[in-house]
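Please treat every number below as a calculation from the coordinates, not as lab data. From a predicted model like this one, the values you see are computed outputs, not experimental measurements. All Cβ positions, glycine included, derive from the backbone under ideal geometry; neighbour counts span all protein chains shown.
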Amino acid sequence: MIIHQNKIKESSFLITGGAGFIGSNLVAFLLQHNARKVRVLDNFSNGHRKNIVDFISNPAFELIEGDIRDLSTCKTACEDIDYVSHQAALGSVPRSINDPITTNEVNVNGFLNMLVAVKDSNVKRMIYAASSSTYGDSKSLPKIESIIGNPLSPYAVTKYVNELYAHVFALNYGVETIGLRYFNVFGPKQDPNGAYAAVIPLFVQAILDGQSPFVNGDGEQTRDFTYVDNAVQANVNSMLVENIKAVNQIYNIAVGDRTSIKQMFQILVNIENKQLEPTYREDRKGDVRDSLADISKANELINYSPKVRFEEGLIKTYNWYKNNQAFIKQC
């Protein structure tokens, strides 16, 4: 990513959801590489102030506390911005099944507000968090961007609608967008607390607490787990790529390998030779059974090449949680 160093220094960035997991890691990278300006828009419904507290004193950092469901807030946030990375969303398949209306309001209405604000503010390009959930009930592996199935949850519907809106805004208004279909991103600062926490932080925290984590289903379901540094690389490359053929595209952001939930659990307990067994329970509604990405398109067009493989990232993540328990308890 060092090839983008000069462009980062010359540019101003807006990260929506910048106090969240992926967003705060992206903010940290841009500030470490001397971005001219990094502005965060967040309403702290999912993100945490502790995730950005280290940035507050940086003169290049700005914070707008606000909601993407308000168009005027989105327009204010986009003023004098070169590139937008839109990470703000309500994640979680179970959350969307329990409350589809709020998920739609944030993920669809909020996304549309950001597109309008980007268009009206002459932002150069908007990168947005798409999702592997868009592949839905498609059984083909590996997942190729051009072949999707039917969505299995309201969350998946919202993420597919984002892609459709991005295409229409490119077609009708000339707005440059790139969608990143994340595959199970994990790493430091991912919240292990709450009803909708993701599987890896839940497992890590349970093991650190000496407890048996719950496994939904038989544990043989597979995921293309993706360390957060790889997602940051994809965002930076997408914002700053100069190849016009790379723009107004959708990309899989993953590693190109898959691991079962059982295998992931075993790696974690082996780190410190913990004697634990998971507790099995019924499958979750809306979950995809198997997930594996073809990342060749991202490699070819945005020079995406994951630097951290799964097991290395899992060990890094475990050690980060182990050494930051006071930070975690603040959630």
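Laid out as a table, the results:
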quantity	calculated
Integer Hz, Karplus 6.51/-1.76/1.60 couplings in order for segment 16-30, x for Gly and Pro	6, x, x, 9, x, 5, 5, x, 5, 5, 5, 4, 4, 4, 5
Pairs of Cα atoms farther than 26 Å apart, the chain, %	44 percent
³J(HN,Hα) computed for each position of segment 180-189 - Karplus, 6.51 cos²θ - 1.76 cosθ + 1.60, integer Hz, glycine/proline x	10, 7, 5, 10, 6, 6, 9, x, x, 6
Cα long-axis angle, helix 261-271 against the chain (0 to 90 degrees, to the nearest 10)	80 degrees
Net charge, Ala117 excluded, C-beta distance under 11 Å - Lys, Arg +1, Asp, Glu -1	-1
Residue-span extension gain [Glu242 to Gln32] - 0.36 nm each, minus C-alpha spacing	73.4 nm
Spin-label proximity, Arg281 to segment 166-194 - amide N less than 19 Å from point 7 Å beyond Cα toward beta carbon	191-194
Size of segment 230-331 as Cα extents on the principal axes (Å, biggest first)	52, 33, 25
Debye intensity ratio in log₁₀ form over the Cα atoms of segment 179-280, taken at each q of 0.15 Å⁻¹	-0.69
Label-point separation in nm, Ile64 to Glu311, each point 7 Å along Cα→Cβ	4.6 nm
Förster radius 25 Å - calculated FRET efficiency between His167 and Ser45 (Cβ-Cβ, nearest 0.05)	0.35
Crossing angle, helix 228-240 versus the chain [Cα axis fit, 0-90 degrees, rounded to tens]	20 degrees
Crossing angle, helix 110-121 versus the chain [Cα axis fit, 0-90 degrees, rounded to tens]	30 degrees
Residues Lys7, Lys159 arranged by fewest to most Cβ contacts within 10 Å	Lys7, Lys159
Which of Glu242, Glu176 has the fewest Cβ neighbours within 10 Å, and the rest in rising order	Glu242, Glu176
